[in-house]
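The values are calculated or read from the model by the stated rules, or taken from the named source; none is laboratory data. No experiment lies behind these values; they were computed from the predicted model shown. No Cβ is skipped: glycine too gets one built from the backbone with ideal geometry, and neighbour counts run over all protein chains shown. The protein model used for the area step is the full one, side chains on, heavy atoms only, and it has no ligands, DNA or RNA in it. Shrake-Rupley method; radii C 1.70, N 1.55, O 1.52, S 1.80 Å.
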Amino acid sequence: MIAELIAVGTELLLGSIANTDAQIISEKLSTMGITVHHHTVVGDNPLRLGEALEAARKRADIIITTGGLGPTCDDLTKQTICKIFGRELELHEDILEDIRAWFRTKLGRPMPENNVQQAMLPMGCTVFDNPVGTAPGCAFEEKGIHVLMLPGPPFECRYMLENRAARYLEKLTDGVIVSHEIKIFGMGESSVEEALREPMTRLANPTLAPYAKLNECMVRATAKAETREAAEAMLRPLVDQVLETLGDVVYGVDVESLEAAVSALLRERGLTLSAAESCTGGLVAKRMTDLPGASSVFRGGVVSYTNGVKAGVLGVDPALLEEFGAVSENVARAMAQRCRSICGSDLAVSLTGVAGPDRDDRGNEVGTVYIALASAEETICKKFSCGKGRGRDRVRSAAASSAFDMLRRKLLGLPL
């Protein structure tokens with residue numbers, strides 16, 4: 001089955017919001033064995049939406065639209081679809097009562113009359129009720145083409161897709177697509193592609209594909225089969241081959257992030273972490289505390305952005321700061337040691353460097369970062385070049401990721 005997604009909303013074309021729905025739906029369809037060939041974005045204009053629908057019906061088995069199901073005069077998705085596919089709209093009294101109840105119980109006020117429009121759905125359609133919003137969705141088949149309408153807000157779209165539309169779509173599929181994401185830090189996309197070129201060019205099913213991401217990359221291994229078990233059997237030896245080829249630059253398979261991998265290792269070993277940060281401004285702490293349950297492994301940290309805080313809060317010897325400067329191995333080591341002591345953690349990581357846009361007063365280049373890791377046994381420190389000319393955000397992100405990779409390697413006993 002070939003699917004096409006049509007996102008409706010002028011705000012998408014203006015760049016006011018991102019087309020998150022397309023990612024949500026494409027990801028779900030790929031696991032169901034449904035191939036997406038086109039994404040289209042069109043404004044709140046019935047003429048242009050009609051043109052997009054006419055194009056889609058000539059090349060897709062499944063058309064999924066998002067947005068344009070609201071109560072306002074520019075919400076015209078249903079009306080336009082019905083015109084193109086020759087369907088009449090009819091009022092669904094049960095859906096209308098659901099919408100009235102939503103306003104009554106969730107918002108504490110009567111439903112405006114223009115919301116009646118949301119209960120008007122194509123005659124003979126399969127209705128997708130919406131317990132997390134006011135816009136119901138629906139699906140129908142016309143001359144072999146399946147048309148599904150989902151609401152635009154991403155939370156509502158995801159809920160309806162997973163809990164309503166997926167059941168409809170499952171009846172249309174003849175197999176499953178299974179993917180595993182092999183996450184890599186410390187090797188660029190071109191180097192990964194070179195290392196894996198032979199299987200990548202030889203294989204048709206399963207397949208390998210590298211993707212560049214912010215300061216890291218990923219290889220996706222994908223297989224299509226009649227059952228998930230059969231697809232997994234096809235993927236297992238391929239994933240093992242990639243792991244053997246790439247070695248310790250792989251930080252996990254289907255793991256969310258470097259920090260998630262580190263958090264899991266800390267939890268397995270019953271260890272805690274703290275962080276002293278200068279150039280990263282608390283990014284290591286943020287990425288750790290973004291993870292659910294982080295309090296079990298992350299004790300806290302200090303954003304010691306100035307020398308006064310490095311000396312006054314962390315207790316770094318002012319003589320070190322004067323002699324070597326803030327961006328130095330000596331200061332990084334002292335920051336990590338003092339942070340570990342103050343926070344009472346098993347491990348502490350420190351980062352001090354130059355995020356840019358200019359060199360510091362000691363002549364250190366933009367992107368120069370010293371990262372230290374203190375434990376009860378030792379304190380190690382490495383100097384990194386985190387990207388001259390890449391912008392402050394990229395330097396900070398690369399530095400934080402490098403710190404997490406140091407921690408990962410330390411916890412696994414890998415070379416630093």
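Per the listing 40, 72, 65, the residue uniquely within 18 Å of residue 149 (Cα to Cα), of a type outside the set (A, V, I, L, M), open to solvent by 10 Å² or more (accessible area, probe 1.4 Å) and touching a residue at least 40 places away in the same chain (Cβ under 8 Å) is 72.
Search the stretch 353-380 for residues being surrounded by 20 or more Cβ atoms within 10 Å (Cβ to Cβ) and among the hydrophobic types (A, V, I, L, M, F, W, C), and hand back the single one that is nearest to the chain's Cα centre (by Cα). If you could, list the steps in order and put the result at the bottom.
Going residue by residue through the stretch 353-380, those that are surrounded by 20 or more Cβ atoms within 10 Å (Cβ to Cβ) are 353-356, 366-374.
Those left that are additionally among the hydrophobic types (A, V, I, L, M, F, W, C): 354-355, 366, 369, 371-374.
Details: 354: 28, 355: 25, 366: 28, 369: 27, 371: 26, 372: 29, 373: 28, 374: 31 Å.
Step by step, filter the stretch 353-380, then rank; the result is 355.
Go through the residues of the stretch 78-87 one by one and say whether even a single one is touching a Ser or Thr at 6+ places or on another chain (Cβ under 6 Å), touching a residue at least 12 places away in the same chain (Cβ under 8 Å) and either closer than 23 Å to residue 134 by Cβ or among the aliphatic types (A, V, I, L, M) (or both). No, because not a single residue in the stretch 78-87 is touching a Ser or Thr at 6+ places or on another chain (Cβ under 6 Å), touching a residue at least 12 places away in the same chain (Cβ under 8 Å) and either closer than 23 Å to residue 134 by Cβ or among the aliphatic types (A, V, I, L, M) (or both).
Considering the stretch 393-411, the residues that are of a type in the set (Lys, Arg) and at pLDDT 95 or above include one that is farthest from residue 247 (Cα to Cα), namely 396.
Of everything in the stretch 144-170, what is charged (D, E, K, R) and touching a residue at least 12 places away in the same chain (Cβ under 8 Å)? Give them in sequence order. Spell out the reasoning first.
Of the residues in the stretch 144-170, the ones charged (D, E, K, R) are 156, 158, 162, 164, 167, 170.
Selection gives 156, 158, 162, 164, 170.
Taking the stretch 136-201 and the strands (runs of 3 or more DSSP E) fully enclosed by it, the elements with 1 or more residues that are under 18 Å from the mean Cα position of the chain (by Cα) and under 30 Å from residue 408 (Cβ atoms) are at 176-184. As for the stretch 102-121, it holds no residue that is of a type outside the set (Gly, Ala, Ser), in contact with a helix residue (DSSP H, G or I) (Cβ under 8 Å, 6 or more places away or on another chain) and in contact (Cβ under 8 Å) with a residue 60 or more places away in the chain.
State which residue pairs qualify: first residue farther than 10 Å from residue 176 by Cα and inside the stretch 214-243, second residue among the aromatic types (Phe, Trp, Tyr) in any location, beta carbons under 6 Å apart, and separation of 6 or more residues or different chains. Note: pairs meeting the criteria are 216/185; 218/211.
For the stretch 290-345, taking the residues that are in contact (Cβ under 8 Å) with a residue 40 or more places away in the chain and touching a Phe, Trp or Tyr at 6+ places or on another chain (Cβ under 6 Å), the one that is surrounded by the fewest Cβ atoms within 10 Å (Cβ to Cβ) is identified as 329. Here residue 183 qualifies as of a type outside the set (Gly, Ala, Ser), touching a residue at least 40 places away in the same chain (Cβ under 8 Å), open to solvent by less than 30 Å² (accessible area, probe 1.4 Å) and touching a strand residue (DSSP E or B) at 6+ places or on another chain (Cβ under 6 Å). Of the residues screened, residue 285 is one that is at pLDDT 95 or above, under 20 Å from residue 384 (Cα atoms) and touching a Ser or Thr at 6+ places or on another chain (Cβ under 9 Å).
It is to be established whether one or more residues within the stretch 206-221 are open to solvent by less than 40 Å² (accessible area, probe 1.4 Å), among the polar types (S, T, N, Q) and touching a helix residue (DSSP H, G or I) at 6+ places or on another chain (Cβ under 8 Å). Please lay out each step first, then the result.
Pass one, the stretch 206-221, residues open to solvent by less than 40 Å² (accessible area, probe 1.4 Å): 206, 208-210, 215-219, 221.
Checking which are among the polar types (S, T, N, Q) leaves us with 215.
Checking the rest, the ones that are also touching a helix residue (DSSP H, G or I) at 6+ places or on another chain (Cβ under 8 Å) come to 215.
Yes, the stretch 206-221 has at least one match.
Taking the conditions exactly as written (of a type in the set (A, V, I, L, M) and either open to solvent by 10 Å² or more (accessible area, probe 1.4 Å) or assigned to a strand (DSSP E or B) (or both)), does residue 348 satisfy them or not?
So residue 348 passes the test.
Entry remark, the stretch 369-402: residues being of a type in the set (A, V, I, L, M), touching a Cys at 6+ places or on another chain (Cβ under 9 Å) and either farther than 21 Å from residue 331 by Cβ or in a helix (DSSP H, G or I) (or both) number 3 in total. Test residue 236 against the criterion of being charged (D, E, K, R), more than 29 Å from residue 369 (Cβ to Cβ), modelled with pLDDT under 95 and open to solvent by 60 Å² or more (accessible area, probe 1.4 Å), and give yes or no. Answer is no for this residue.
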